[in-house]
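Presented below is the structure to which this report refers.
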Amino acid sequence: MQFQQLQYFVAVAETRHFTRAAELVHVAQPSLSQQIKALERELGADLFLRARGNITLTDAGEALLPLARRILADADTARHEVQELAQLRGGRVRLGATPSLCTGLLPDVLRSFHDRYPGIQLLIEESGSHDLVRELARGALDLALIVLPLPPASPALTTVELLREDLVVVSAPEATVPGRGRGGVRIEDLEGERLVMFRHGYDLRELTVAACRSAGFEPGFAVEGGEMDAVLGFVRAGLGVAVVPRMVAARSGRGLRVTPLAKPGLHRTIALAHRSDVAPPRAARELQRMLLER
């Protein structure tokens, strides 16, 4: 089995077309087809079902695809690790983070990192924790900031707890604060309130909805489906209230009233994660150190 054959296989699997795959990897289509057939002979199984205008993966192809992607991603990581210049003058870091962390935690840390290592390219993937865990597993990220606990049946990841962050309630300045209690907003005070809610798959959505249900009611939504910036904008417009991380509220407080949640409140635990079977590249390890020491 050759590394190049795996590249060709992944290209065909992703394009479902031999000619387009050949163009993608810059090789003649007959050469690509020959290498795919050689790979199939080596493995003793067909990888594609070939019909006019319709290329699909066989069961063997489906089984090979995630493994081939991981091998290619690991090789790419190794190539960049070897090519990094001395004293961290070059290289890249592929960092994943939830949208709220991109807004709240990362800007100051990334600015310090860029000031110290201007030659290192920062590639940021913004998504929910579940998606980031999958991206880590397939080798598309070096590090990720995720919300604990890990999703069920997660791949083998090494996690280091970074911080425990309070959640707060944000509302438009002219709006009435839910509950109007001196000790902050209780979860029970959100019953009957019109919530501005994040999209499905957002950790904050799941945490807030679970807290409301534990308090004995089903939350009502004024609008739902937004990312962090959209949710804050809808709250500023007076559409409803939202539960967001304290760091996000502090950075985006203009045009918002920020009210703490009454004890015991709501919290989330942020961790820095990477694959257990692959050490992060040197530049990623340096960013990891700065995040842990921030």
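The values are calculated or read from the model by the stated rules, or taken from the named source; none is laboratory data. What you see is a predicted model, and the numbers here were worked out from it, not measured in a lab. Note: ideal-geometry Cβ built from the backbone for every residue, glycine included; neighbour counts use all protein chains shown. Heavy atoms of the whole protein, side chains included, go into the accessibility calculation; ligands, DNA and RNA do not. Shrake-Rupley method; radii C 1.70, N 1.55, O 1.52, S 1.80 Å.
With contacts taken as Cα pairs under 8 Å at a separation of at least 6 residues, segment 138-268 carries a relative contact order of 40 percent. Which entry in (1) 1.60; (2) 1.24; (3) 1.15 is this structure's computed Cα Rg over 2.2 N^0.38 Å? Working out Cα Rg over 2.2 N^0.38 Å from the coordinates points to (2). In the Gaussian network model of the chain, springs joining C-alpha atoms below 10 Å, which of A144, A222, A283 carries the largest mean-square fluctuation? Answer for the Gaussian network model of the chain: A222. Dipole magnitude for segment 183-294: computed about the Cα centre from +1 point charges on Lys and Arg Cβ and -1 point charges on Asp and Glu Cβ, it is near 500 debye.
Summing Cβ point charges (Lys, Arg +1; Asp, Glu -1) relative to the Cα centre of the chain gives a dipole of roughly 460 debye.
With point charges of +1 on the Cβ of Lys and Arg and -1 on the Cβ of Asp and Glu, referenced to the Cα centre of segment 4-149, which listed residue (S112, A75, G61) lies farthest in the positive direction of the dipole? About the Cα centre, the residue reaching furthest to the positive side is G61. Normalising the average separation of contacting C-alpha pairs (under 8 angstrom, six or more residues apart) by the number of residues puts the relative contact order of segment 121-188 at 20 percent. Note on exposure: M290, M247 ranked by accessible area (1.4 Å probe, complete protein assembly) read M247, M290, with the most exposed listed first.
For the residues L49, L65, a 1.4 Å probe over the protein chains yields an accessible-area ranking, largest first, of L49, L65. Protein heavy-atom accessible surface, 1.4 Å probe, per residue over the chain: 50 Å². Largest GNM mean-square fluctuation among E206, E125, E23, using the chain with Cα springs under 10 Å: E23.
In order along segment 141-151, the Karplus-derived 3J(HN,Hα) couplings, from 6.51 cos²θ - 1.76 cosθ + 1.60 at θ = phi - 60°, round to 10, 8, 9, 8, 9, 10, 9, 7, x, 5, x Hz, and Gly and Pro are given as x. If you roll a 1.4 Å probe over the chain with all protein chains in place, what percent of the accessible area is carbon or sulfur? In the chain, the share of accessible area belonging to carbon and sulfur is 49 percent. Counted residue by residue at 0.36 nm each, then reduced by the alpha carbon distance between them, the extension gain from A250 to A237 reaches 2.9 nm. Screening the chain for whole DSSP H helices of 27 Å or more along their axis (Cα) with average Kyte-Doolittle hydropathy at least -0.5 returns 59-83. Using Cα pairs under 8 angstrom and six or more residues apart, how large is the relative contact order of the chain, in percent? Computed over the chain, the figure is 21 percent.
Using DSSP, restrict attention to beta bridges with both residues in the chain and report what percent are antiparallel, rounded to the nearest 5.
Approximately 60 percent, going by the DSSP bridge assignments.
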